[in-house]
1. For the chain, with the dipole built from +1 on Lys and Arg beta-carbon atoms and -1 on Asp and Glu ones, taken about the Cα centre, which of Ala615, Cys703, Ala679 lies farthest toward the positive end?
2. For the chain, give the magnitude of the charge dipole about the Cα centre (Cβ charges: +1 Lys/Arg, -1 Asp/Glu; no others), in debye to the nearest 20.
3. Using label points projected 7 Å from each Cα along Cα→Cβ, tell me how many nm separate Glu122 and Ala326, to one decimal.
4. What's the FRET efficiency of Gln577 with Ile458 using the Cβ-Cβ distance as r and R₀ = 22 Å, to the nearest 0.05?
5. Considering only the other residues whose Cβ falls under 9 Å of the Cβ of Ile301, what net charge follows from Lys and Arg at +1 and Asp and Glu at -1?
6. Could you work out the relative contact order of region 680-726? I mean the mean sequence separation of Cα pairs under 8 Å and 6+ apart, divided by the number of residues, in percent.
7. Just how large is the dipole of region 458-500 about the Cα centre, in debye to the nearest 20, putting +1 at every Lys and Arg Cβ and -1 at every Asp and Glu Cβ?
8. If packing is taken as the average number of other Cβ atoms within 10 Å across a peptide's residues, how do 495-501, 321-327, 62-68 rank, most packed first?
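The values are calculated or read from the model by the stated rules, or taken from the named source; none is laboratory data. The model shown is predicted, which means the values in this text are computed figures rather than measured ones. Positions of Cβ are generated from backbone atoms using ideal geometry, with glycine treated the same way; all protein chains shown enter the neighbour counts. For the accessible areas, the whole protein counts, side chains as well, though only heavy atoms, and no ligand, DNA or RNA atoms are used. Shrake-Rupley method; radii C 1.70, N 1.55, O 1.52, S 1.80 Å.
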Amino acid sequence: MQKSLFFFFLILTLASHTSTKAQNSSMHSPKKNQRPTIGLVLSGGGAKGLAHIGVLKVLEEAGIQPDYIGGTSMGSIIGGLYAMGYSVEFIEQMVKTQDWDQLIYDRFSRDHLNISEKGTDESFFVNFPLRSKKFMMPAGVIEAQEVTWLFSKLCTPVFRIRDFNQLQTPFLCIGTNIRTGESEVLNSGNLAFAMRTSMAIPGFFTSVDYQGNRMVDGGVVNNYPVMDVRAMGADIIIGSDVQSSNVSDEELESMTGAIMQIIGYHSKEAQYQAEAATDIYIHPDISDYGILSFNSADSLIQHGEAMARKFFPQLKALADSLNDIAPQVKKDRNIIPLEYIYVEDVEYLGLDRIEKKLLEGYKTFKTPGLVRVSDVEQWVRSLHGTKFFSLIRYEFLPVGENSAILRLSIQEASSRILSAGIHFDSDYKTAINLKASFRNWIFPESKANLILALGDNIKFRGDYWINWGLAPGPGLALDFNIVNFYNYEEQYKKEEIRVTDLQFTPFVKSIYKSFIELELGAQLEYSGLHAVTTYFPIKDINSVSINGVFAARLDTRNTLHFPVKGSYFDLNVKAIQSLSKASSHLYWFGSFDFNTSFRFSKLFSLRPNVTGVVASTGWEMAPHPQYKALMGGCSKYSMISGAIPFIGLNNLQRSGNIGYRVGLDAQFNVYKNKHFVVASFNAGDIEDDFKEIVNVTDMILGCGLTYSYNSFIGPISITVMGGNNLDFGAFFNLGFRL
């Protein structure tokens, strides 16, 4: 036994000459006849830390099984997963299949955005949160909500373990206490939250409240925690360090690159000491990569493996020597995230203005009972999609032998937000769009909006609604619109008409699974028509009515403007009872709009669509002039209830009591989801009665070609079009429209 131990130290001493970092090694001397222990240390470095996976591959091939693991930032993530018992193959596949842009930049999937937040709330390019009666700058740019949810799912197999020394391989990671400026060892509590804390790059990710301390990335002070792993009991340190001393000028121009460079200077002395205390120091050459090069996972892993393979003889000799002293049982690395957990109850932390009823309204599972983890994920995503919360973390707390308490830690969102946007198009001209949103005002779970579009046409909407999820929540809405459009004689403008409309609507609204909205209300409406310019005398029309209103909306599109999957359906029905003696009939009006998307490749998708409007016959005596079917143009303005967009007609060129359009758009993603070309074809008809609408010989045909640039202020697009009722037309759009 002593001979084997001597042989081990001899090999390690000879091997150290191949690495200048190992020459100053401070290897611990184990007790006589005791098998030395190995500590694996993984540094921080953002995306560069993916190279650790390649290092782990070579360690396993050499037969090295660490007795302790410590890491910082990305090293804490790779190290934490490995310490739990995940295989290198699982970790590698996991990082290669992630949508890193969505994960790192917290690009919340529109699939989980509450339908009440879609549409109008997506039509503003700048938002200003207000807290304590003043504008507030966030503690970091990104909340890392998506990252936190991923870690929570991956850590479900060890949710009962609160002491990281009890993991398959004892583990620690490093955070930095903002108040003291000192590094802290995170080796107990919730493992998912510890890993999230260790990677909280200051100024990029928000800081984390971990066990009562406000923490950021451990790399600020201790990016390569060799001494801490020594303190765990490691005799021999194997280190994988992905930090680069040379940072390119291009990377220094980015916020994250500059921050990491500053951090590197701050911890340089500690880094020198840690390197000197490392016995086998593996330093992959990845200086050409940045801390956000997550989409280069394959190359980074290969670089890590290539560098570690240079140390393979030493690693293999070390493993063999240790096995000569005392063979080590091979660890099972076959864990996977849990699919089900028995949940006794749900606990909420952080609720202030918002009541538990709102959260319960979106929950699709019952407790106590066996709960699917994916249903919990769906639940928290749906809650986050209401925008009542800026942060939601979930964890399972062990209770007894076979059950858990599900805890949601919640941070309520800013209650007041100011938003702004701009818009111009060929049909409705210029608009400056402004919005003020107030949450939890007067009543909990409520949202109030004040929306104003100023320009050639005026739109105002004020609404207040209490969101009770599936349970119908009460609300009030006030809409005021002034819009100008033209009557046409064939292809030529005949007169300009101005419609003024004022609506007051009490309603109840219900949300089902975040993507279906049902609304039922009563409405008092004033409407007026005035001829602005005309060649023929048109009498002004003014009317007041009481309406019954029903609306149903479904929206599962992945994006608002250039969807490649999902569907949209909008149904509106009104029963209109005029209060005018000259027009006392009950009128009916209905409109629907449906489109869906099919993606055939990353660059090509098809969007079939259909729109229809039906109004009561004898509409020349209608109480509200805008409640007709009006066909034409590329823009559907929300005030014109009966508008049917049609490629190949001027804006609202044709009118009648019934109209429909069927169309097909072929969308080409020309470059990086920024530049699009859309070829459109549509066919339809608009008439005064049902008998004429079925006559296909009168069908209107049109086609067009659109180029769009998806800018931060909204789509910038130009369309050329023509058809059998229009020789040639063009349409231009800039920015979001309401």
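1. About the Cα centre, the residue reaching furthest to the positive side is Ala615.
2. 840
3. Computed distance between label sites Glu122 and Ala326 equals 6.0 nm.
4. Plugging the Cβ-Cβ distance into 1/(1 + (r/R0)^6) gives 0.25.
5. Working: positive: Lys57, Lys96; negative: Glu92, Asp298, Glu305.
After counting each charged neighbour, the total is -1.
6. Result for region 680-726 is 34 percent.
7. 140
8. 62-68, 495-501, 321-327
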